[in-house]
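Notes for the one structure printed next.
The values are calculated or read from the model by the stated rules, or taken from the named source; none is laboratory data. Computed from a predicted model, the values in this text were never measured in an experiment. Every residue, glycine among them, receives a Cβ derived from its backbone with ideal geometry; neighbour counts consider all protein chains shown. The accessibility values were calculated without ligands, DNA or RNA, using every heavy atom of the protein model including side chains. Shrake-Rupley method; radii C 1.70, N 1.55, O 1.52, S 1.80 Å.
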Amino acid sequence: MKIVVLVKQVPDSGAERNLRAEDNTVDRASANNVINEMDEYALEEALRIQEAHGGSTVTVLTMGPERATESIRKALSMGPDGAVHVLDDALSGTDALGTSKVLAAALKRLEPDLVLCGAESTDARGQVLPHMLAERLGVAALTGARKLTVDGSQLTIERQTEEGYEVVTAATPAIVSVWDTINEPRYPSFKGIMAAKKKPVETLTLADLGVSADEAGWAGALTTVASHAKRPPRSAGVKVTDDGEGGTKLVEFLVSEKFV
Amino acid sequence: MLEGEERQALRKAVRQLAGKYGREYFMSRARAGGKTTELWREAGQLGYLGVHIPEEYGGGGGGIGDLAAVCEELATAGSPLAMIVVSPAICATVIHRFGTDEQKGKWLPGLTDGSLIFSFAITEPDAGSNSHRLTTTARRDGDDWVLNGRKTYITGVDEAHAVLVVGRTEDARTGKLKPALFVVPTTAPGIAYTRIETDLIAPEKQFALFIDEVRLPGEALVGDEDAGLMQLFAGLNPERIMAAAFATGMARYALGRAIEYAKTRQVWDVPIGGHQAISHPLAIAHINVELVRLMTQKAAHLYDHGEDYEAGEAANMAKYAAGEAAVAAIDAAIQTHGGNGLSTEYGLAAMLAAARLIRIAPVSREMILNFVAQNTLGLPRSY
């Protein structure tokens, strides 16, 4: 089985993140850039499928600037066979739709049986890319998986919902997006780190993919961020005064916030 | 400057792993008298404990600089694992450099993945820093060796499968005693050990070791009988490099806590870190820790390039400076915390003794000053 894992480099969600004043895009230059956390779960799932099914290959696919190489190396140190890096100055400013066009072109070239990705990225959190890619490629989209079972060409996921889960099946080729409940990603071993540098990373430009520059980047973006503002500081919480009904009020609050 | 991409990636990976366990894990085990076995095993399985051992024995093919990075990052994340200094750094290094092919095949794979733990025993009750006074002696009996002696302040004997014991053998020709290293299983008949109670809060305990007519097979002697002193130095340079890395990691952990506290603790109108009385001592401590890291990396670089003599000098200087920097950093971190600095919750007071230990072990700061005065500066021997 040929598996491609989509890996995006994002600013560390644990640190303070900013949008740039001049163009409302994520400030990546001053951020500590890391692999989108959810993508590590997708990669782990791919590696587990590879270990369980002989003859499988796992390729990382990243679209991003030069410094995304760091994230590609980190991903490779976890164990996949190689990577493809879509790198082109004209990609700056690409929106979700444009990203799906570029990644779809790269995936057509790679012809995977299975595409795995995180259910969302921690910077944009749109959750739309897997569906867009499935539409462009004409393959099934199994999204929001908390469990994935592979039986030959048959894929079964448990799709996480607010109330529980749904069982959804599809045949390959397909795209599966995963949540962080699906597994526990491995840490790169020292051998993995040493081997990562020697693994093949193919760099592709928009021209290589047959996508014209005006279909991507600022030129091709159908959506733009008009303005942005910092989240307002947290307001004071709910104060429950215990007048004999305190316990009930606490439970009501927890229920209203879906904690219980 | 000195560290390549792979070393940096290794540091990040180790930090992540140790971060999963966290300081709480380490401290709760240490306080309850437990071990940090899960972290040790996972680090071993990921190849972090054997980064410096060749691939043919299951290692990573890197150098002592890589192992020092592992040790430092674990400590920086709150889990200083002392057995790394002893088992993979000293014992595996000595066996790798001086052991026979058979010894290497037998012990290195286990020491590399952490499934096998060796302690290292040199100090004796009547021979502390003076290794010429060692009285643990091996005598030949047919093909066997029979070992007798006493060792003290030996780390982790209770968790070790064997102890690499520095003893002496009698030179058949001159009758003089010369150092020799023996692998002694902790279960060998005639071996006994008792715990030395200390006020150090660490999972690794200290032991007095009694060796009474312990019969060992011929192959228990590591390497060549005549290479004893060289073997000792081969093990002691990595020990100093690792001790420096261990100390700087602890210092970085303490400084990290202090910086966090200084940024959030507010007594008047601004966080206390806005006051120079708080920020300057932390800045000074950080500078000194960074200087030690640089010297430690230099020592490791020299050692990994086969410059044993130059590495010895640098390793001693790094270890000396590490002890001073760690004590000062933890002191500054405690002062930043005020009363909280001595609370159990913040866990910094427990680091006082641990940092103070680096000034004493594995070699005292005074012996390092003697070494530098005599060997580097060419001054007369003072003792």
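Summary table
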item: Difference of contour (0.36 nm per residue) and Cα-Cα distance, B:E56 to B:E225; result: 58.3 nm
item: Label-point separation, B:L369 to A:E184 (7 Å along Cα→Cβ), nm; result: 4.9 nm
item: Inter-site label distance for B:V267 and A:E245 at 7 Å from Cα along Cβ, in nm; result: 4.6 nm
item: Reachable lysines from B:K319, criterion Cα separation under 19 angstrom, eight or more residues apart if same chain; result: B:K298
item: Highest-first arrangement of B:80-88, B:22-30, B:10-18, B:38-46, where packing means the average Cβ count within 10 Å; result: B:80-88, B:10-18, B:38-46, B:22-30
item: Chains B and A together, accessible area buried on both sides, 1.4 angstrom probe, square angstrom; result: 1300 Å²
item: Solvent accessible area, Å² - B:Y383, 1.4 Å probe, full protein context; result: 120 Å²
item: Calculated FRET efficiency for the pair B:I360/A:S256, C-beta based, R₀ 51 Å, to 0.05; result: 0.30
item: Cβ-defined net charge surrounding B:R11, 15 Å radius [Lys, Arg +1; Asp, Glu -1]; result: -1
item: Rounded percent of accessible protein surface that carbon and sulfur make up, the protein assembly as shown, 1.4 Å probe; result: 52 percent
item: Inter-chain Cβ neighbour average for residues B:7-19, partner chain, 10 Å; result: 4
item: Difference of contour (0.36 nm per residue) and Cα-Cα distance, B:S279 to B:D144; result: 42.4 nm
item: Cβ crowding within 10 Å averaged over residues, with B:322-332, A:167-177 ranked highest first; result: B:322-332, A:167-177
item: Percentage relative contact order, the range A:2-220, counting C-alpha pairs under 8 Å, at least six apart; result: 27 percent
item: From phi via Karplus (6.51, -1.76, 1.60), per-residue ³J(HN,Hα) for the range B:28-41 in Hz, x at Gly/Pro; result: 5, 5, 4, 5, 8, x, x, 10, 9, 4, 4, 5, 4, 4
item: Sequence-separation-based contact order of chain B, relative, with Cα cut under 8 Å and 6+ spacing, percent; result: 15 percent
item: Kirkwood Rh, Cα atoms: Rg over Rh of the protein assembly as shown; result: 1.04
item: Burial of 20 Å² or greater, the range B:60-90 residues [accessible area, probe 1.4 Å, versus chain by itself]; result: B:G60
item: Value of relative contact order over the range B:305-383, rounded to a whole percent, pairs C-alpha under 8 Å and six or more apart; result: 29 percent
item: Solvent-accessible area lost in complex, 20 Å² minimum, residues of the range A:173-189 relative to chain alone, 1.4 Å; result: A:Y187, A:P188, A:S189
item: Calculated diffusion of chain B, Stokes-Einstein form, Kirkwood radius summed over Cα pairs, 20 °C and 1.002 mPa s, µm²/s; result: 100 µm²/s
item: Solvent-accessible heavy-atom area per residue, rounded to whole Å², over the range A:104-223 at 1.4 Å; result: 50 Å²
item: Rounded accessible area per residue of the range B:120-223, 1.4 Å, Å²; result: 48 Å²
item: Residue mean of other protein chain beta carbons inside 10 Å, A:191-202; result: 4
item: Kyte-Doolittle at least -0.5, axis length at least 18 Å by Cα - qualifying DSSP helices, chain A; result: A:96-110
item: Residues of type lysines that B:K106 reaches as a straight line, Cα spacing below 24 Å, ignoring anything fewer than 8 places off in the same chain; result: A:K191
item: Mean accessible surface per residue for the range B:265-383, computed with a 1.4 Å probe while every protein chain stays in place, in Å²; result: 53 Å²
item: Packing rank of B:284-296, B:133-145, where each peptide gets the mean count of other beta carbons within 10 Å, highest leading; result: B:284-296, B:133-145
item: Chain B: angle of helix B:228-264 to the longest principal axis, Cα-based, in degrees nearest 10; result: 10 degrees
item: Largest to smallest principal axis extent of the C-alpha atoms in the range A:123-260, angstrom; result: 70, 45, 39
item: Sequence-distant lysines (8 or more away, or on other chains) whose Cα lies within less than 17 Å of A:K108; result: A:K2
item: Formal net charge of residues neighbouring A:D95 (Cβ-Cβ distance under 12 Å; K, R +1; D, E -1); result: 0
item: Prolate/oblate/rounded label for the range A:2-220 (Cα gyration tensor, a/c 1.5); result: rounded
item: The protein assembly as shown: antiparallel DSSP beta bridges as a percent of all, rounded to 5; result: 60 percent
item: Amide H contacts of A:L61 (H built 1.01 Å from N, under 5 Å, at least 5 apart or other chain); result: A:V5, A:L6, A:V7, A:V84
